[in-house]
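A short write-up of the structure that comes next.
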Amino acid sequence: MDVGFIGLGNMGAAMARNLIEAGHRVTVYNRSRSKAETLGKRGAIIADTSAAAARAGIVLVMLANDEAVAAMVEGPQGALAGLPDGGIVANMSTVSLAMTRRLSDAAKAAGKSFVAAPVFGRPDAAEAAKLFIAVAGPAEAITRIEPLLAAMGQKTANFGEDPTHAAMVKISGNFMLQTAIEGLAEALALVRKHGVDPAQYLDFMTGSIFSAPFYKGYGGAIVARRYEPAGFEIPLALKDTKLALAAADEAGIPLPLADLIRDRFLIALSRGWDHLDMAALGKVAAENAKLES
């Protein structure tokens, strides 16, 4: 298939590369051209604008936040302008419900389709084409992009025709992941303070009632105090916490754990840890317990 791909960061570069390796004809655009040139050596076509990347009729977007997505999708040089009639823009980034609605409405008004297809997984999962993808949007559009999603992920779940449903799955899923990291951080600080070997503790807990790979991965990072290089930096994690709080405000429900985690990330940033992985919640908990962090 012919497909455009916009955004070649730690996640996007690996995702675009997997599309190329699956045999798709990929046109890439990135604000930093050097990243596009790296994929050009693997067979990608390099576009000069996001509009040019969208001319294939389907364009995938993987960027950091609402502002970056809007800058690449909207406007005279944006992806929506470059798409032919009936084209599809699929946003795989984590953005707000408001941005998802805005882009969906803009696409519909332009005679095009918008699909939300945010992903779960760190850069290593993107490299291995093992992402989990939540998708929602017009049924025909989802059917058209299914081979592309299959080339990047191990499982896709369809949440219907309203793109905000996939965006909400992603926002709430990230909130759950952050609460799990905070729980690990506090529990490991607690056992360390009482003289228990944290590595033995983690091995026991993840080999019994908390056997999910997530606990092993993030727990192992906290035990080893391995917070860099970051797979997901704290400023991006804080952005996701704020998305959950905004969604809670819209629905009129309390989200007290999100308030707590937001404050933990703000503490980390105040200490100059903006370059660290969100596993550094463990560093915050250790310092709060007056332990070596």
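Every read-out reported here was derived from the displayed coordinates using simple, explicitly stated rules and does not represent laboratory data. Treat the numbers as computed from the prediction; the structure is a model and nothing was measured. Methodologically, a virtual Cβ is constructed for each residue, glycine included, from the backbone with ideal geometry; neighbour enumeration extends over all protein chains shown.
Rounded, prolate or oblate: which one fits segment 1-90, using the alpha carbon gyration tensor with axes a ≥ b ≥ c (rounded when a/c is under 1.5, else prolate when a/b beats b/c, else oblate)? The shape class here is oblate. Once you've got the GNM for the chain with C-alpha springs shorter than 10 Å, pick whichever of VAL119, VAL169, VAL95 has the biggest mean-square fluctuation. Sorting by GNM fluctuation, first place goes to VAL169. Beta bridges from DSSP with both residues in the chain: antiparallel share about 15 percent, rounded to the nearest 5. A Cβ-based charge dipole, computed about the Cα centre of segment 168-288 with Lys and Arg at +1 and Asp and Glu at -1, lands at about 200 debye. In a reduced charge model with +1 at each Lys and Arg Cβ and -1 at each Asp and Glu Cβ, segment 2-161 shows a dipole moment near 260 debye about its Cα centre. Placing unit charges on the Cβ atoms of the charged side chains and taking the dipole of the chain about its Cα centre, the candidate lying farthest along the positive direction among GLY43, VAL135, PRO235 is GLY43. Looking only at segment 18-37, which residues have a backbone nitrogen under 14 Å from a spot 7 Å from the Cα of GLN77 in the C-beta direction? Answer for this model: 29-33.
Note on segment 131-149 and segment 32-99: Cα centroid distance 16 Å, given to the nearest whole angstrom. Of the residues ALA199, ALA189, SER211, the one whose Cα sits farthest towards the positive end of the charge dipole of segment 168-288 is ALA199 (charges of +1 on Lys and Arg Cβ, -1 on Asp and Glu Cβ, taken about the Cα centre). Cβ-Cβ distance of THR143 and LYS290, R₀ of 41 Å, FRET efficiency by 1/(1 + (r/R0)^6): the value works out to about 0.15. For ASP2 and ARG42, the difference between the fully extended length at 0.36 nm per residue and the C-alpha to C-alpha distance is 12.8 nm.
Projected area of the chain, taken from the Cα convex hull and averaged over every viewing direction, in nm²?
15.4
At a 10 angstrom cut-off on C-beta neighbours, averaged per residue, how do the peptides 12-21, 278-287, 260-269 rank from highest to lowest?
Ranking, from highest mean packing down: 278-287, 12-21, 260-269.
Maximal additional length on extending the PHE204-SER34 stretch stands at 56.7 nm, based on 0.36 nm per residue less the C-alpha distance. Farthest toward the positive end of the dipole of segment 2-161, out of MET99, PHE114, GLY82, is the Cα of GLY82, where the dipole comes from beta carbon charges about the Cα centre.
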